[in-house]
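Data first, discussion second: the structure below is written as structure tokens.
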Amino acid sequence: MKKYHINNLSCCRICSNPKLTKFLTLDQMPFTDNFVSVNESAEEFLNDINVFYCPECMVAQTQHDVVVDDYYEDYQYSVGSSQFAREFMDILALNIKQKFFNKNDSKPRVLEIGSGDGEQLLSFKKIGFDVLGFEPSSTLCKIADDKGISSIQGLYKDGSNLLLPDKFKTVDAIMLSYTFDHLPDPISFLKNASEILNKNGIIVIEIHNLELIAERNEFCLFEHEHSIYLTESTVNSVMERLDFKVIDFNIVPVKNRRANSLLFAATKKSSPAYIDSNAVPGTPPEYKNISKYFSISENIHSSIERLDNFLGHNFSLGKKIVGYGAGGRGVMTLAACNNAPNIEYMVDMNVKFDGCLMPKSNIPVKEVNELLSNKADIILVFSFGYFEEIRETLSKFGYKNNQIISILEILKE
């Protein structure tokens with residue numbers, strides 16, 4: 001088993017306030033991608049996830065960092081097999097071009113931090129951008145390279161700008177998709193990003209939306225890998241600390257976004273091109289009060305109890321329950337449940353999970369075609385952002401709509 005060192009923090013990640021309030025604990029939770037081979041006798045990494053609220057800057061956050069360099073070097077997460085995800089990436093790239101670079105005669109340069117398998121950069125490249133990725137996983141860098149997308153392998157941190165080729169010492173756009181909320185020090189990142197962003201450049205960030213987490217009781221997004229949990233209001237205040245301003249919260253329409261997406265564009269306050277551009281956050285005022293966060297915690301624990309009751313009840317009736325989606329949502333949701341072993345097996349489109357056991361719950365993972373020969377009575381869909389796409393696939397396998405249940409139907413009150 002890999003050894004992971006935990007650094008415990010003593011103050012807020014954003015404003016350095018030492019007096020934070022803990023509002024949620026999830027006991028002994030794993031990493032989202034720390035799968036175990038069936039033939040491997042290995043003890044998984046498990047540790048409590050505690051989530052805090054800072055009364056000064058109002059940012060929800062964890063106060064521990066797990067040293068993860070080796071973990072991300074082996075990381076293989078990709079959504080490239082989803083048609084919905086590919087369409088989202090194409091829409092995002094096109095809308096960025098039309099909104100911010102339509103009058104630019106030269107080829108805009110975009111740097112993506114946490115570029116994965118290069119699929120998002122490929123969308124930019126197809127419409128005329130010069131692209132470069134920064135990605136810690138050597139496996140994903142190789143996949144991106146095979147697509148013609150160049151990447152620098154490593155974690156983006158202080159000093160990383162020195163690794164950029166001359167052409168990308170200054171860039172027109174910096175893109176982060178579900179990476180910003182993984183960063184242990186978001187403020188340092190923004191300082192480094194500001195150094196290479198040209199005067200009218202934009203930074204486009206997609207993160208998980210704390211308001212949606214609360215609305216859906218989507219506790220699976222509280223992970224060891226995540227450091228901060230933002231609303232539109234706290235996005236605004238965090239960006240302003242480094243002299244950025246948010247200019248767009250609606251780059252992609254909600255109907256085209258992924259499951260839990262807070263997507264925004266920001267630029268330097270001094271940018272001549274966006275002097276009059278400001279996006280107004282729509283966060284309800286109750287998110288400024290700690291009582292809201294205790295309410296979130298209470299609702300989350302009630303949703304875990306509902307899921308446990310659902311699994312226990314249907315198992316007692318002799319129903320064969322199968323889960324669809326062995327990614328982070330499936331891993332973390334089931335890791336919090338006592339009755340997770342009532343799920344006979346999980347399936348996933350990503351074949352790298354096949355033959356493995358889910359972290360902590362130890363549910364076996366199989367390819368999707370297992371559902372043809374090893375029939376389920378109930379299919380519980382954890383990848384709910386792709387629910388319609390999944391349901392269409394399962395209908396071809398002979399499953400009826402009433403057998404296919406989104407996890408949100410249980411978690412959300």
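The values are calculated or read from the model by the stated rules, or taken from the named source; none is laboratory data. Since this is a predicted model, take the numbers as computed values, not measurements. We place every Cβ from the backbone using ideal geometry, glycine too, and count neighbours over all the protein chains shown.
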Going through region 154-178 in order, the residues found to be polar (S, T, N, Q) and either surrounded by 17 or more Cβ atoms within 10 Å (Cβ to Cβ) or closer than 29 Å to residue 210 by Cα (or both) are 177
Apart from one, (1) at pLDDT 90 or above; (2) hydrophobic (A, V, I, L, M, F, W, C); (3) under 26 Å from residue 142 (Cβ atoms) all hold for residue 68; the odd one out is (1)
Selection from region 288-325 of residues in contact (Cβ under 8 Å) with a residue 40 or more places away in the chain, out of contact with any Lys or Arg (no Cβ under 8 Å at 6 or more places or on another chain) and either within 19 Å of residue 374 (Cβ to Cβ) or among the aliphatic types (A, V, I, L, M) (or both) yields 290, 296, 300, 304, 307, 314, 319, 321, 322, 323, 324, 325
Going through region 320-337 in order, the residues found to be under 25 Å from the mean Cα position of the chain (by Cα) and of a type outside the set (A, V, I, L, M) are 323, 324, 325, 327, 328, 329, 330, 333, 337
Listed by range, strands (runs of 3 or more DSSP E) wholly within region 331-407 having at least 1 residues that are more than 25 Å from residue 208 (Cβ to Cβ) are 343-348, 365-367, 378-381
Among 137, 123, the single one that is hydroxyl-bearing (Ser, Thr, Tyr), surrounded by 15 or more Cβ atoms within 10 Å (Cβ to Cβ), touching a helix residue (DSSP H, G or I) at 6+ places or on another chain (Cβ under 8 Å) and modelled with pLDDT of 95 or more is 123
Among (1) modelled with pLDDT of 95 or more; (2) within 19 Å of residue 385 (Cβ to Cβ); (3) surrounded by fewer than 17 Cβ atoms within 10 Å (Cβ to Cβ), residue 254 falls short only on (1)
With criteria (1) among the basic types (Lys, Arg); (2) free of Cβ contacts under 8 Å to residues at least 40 places away in the same chain; (3) over 25 Å from residue 403 (Cα atoms), residue 352 comes up short on (2)
Got at least one residue in region 175-195 being of a type in the set (Gly, Ala, Ser), outside any helix (DSSP H, G or I) and touching a His at 6+ places or on another chain (Cβ under 9 Å)? no
Query raised in the report: Restricting attention to region 374-384, does a residue exist that is of a type in the set (Gly, Ala, Ser), at negative phi and modelled with pLDDT of 95 or more?
Result: yes
Contact list, first residue from region 239-263 and farther than 20 Å from residue 216 by Cβ, second anywhere and among the aromatic types (Phe, Trp, Tyr) and buried (at least 17 other Cβ atoms within 10 Å of the Cβ), beta-carbon distance below 6 Å, six or more apart or interchain, is 246/264; 247/274
**Message:** Against the definition (touching a Phe, Trp or Tyr at 6+ places or on another chain (Cβ under 6 Å) and closer than 26 Å to residue 195 by Cα), how does residue 275 come out, yes or no?
**Reply:** no
By my count, strands (runs of 3 or more DSSP E) wholly in region 86-153 with at least 3 residues that are within 25 Å of residue 200 (Cα to Cα) are 109-113, 130-135
Q) Do we have residue 353 as touching a Gly at 6+ places or on another chain (Cβ under 7 Å), closer than 28 Å to residue 225 by Cβ, among the aromatic types (Phe, Trp, Tyr) and crowded, with 20+ Cβ neighbours inside 10 Å here? A) no
Restricted to region 293-319 and to residues being over 21 Å from residue 381 (Cβ atoms) and more than 28 Å from the chain's Cα centre (by Cα), the residue surrounded by the fewest Cβ atoms within 10 Å (Cβ to Cβ) is 318
When region 1-38 is checked residue by residue, the ones that are among the acidic types (Asp, Glu) and more than 26 Å from residue 352 (Cβ to Cβ) are 27
When (1) at negative phi; (2) crowded, with 17+ Cβ neighbours inside 10 Å; (3) in contact (Cβ under 8 Å) with a residue 24 or more places away in the chain; (4) within 24 Å of the chain's Cα centre (by Cα) are applied to residue 387, the one that fails is (3)
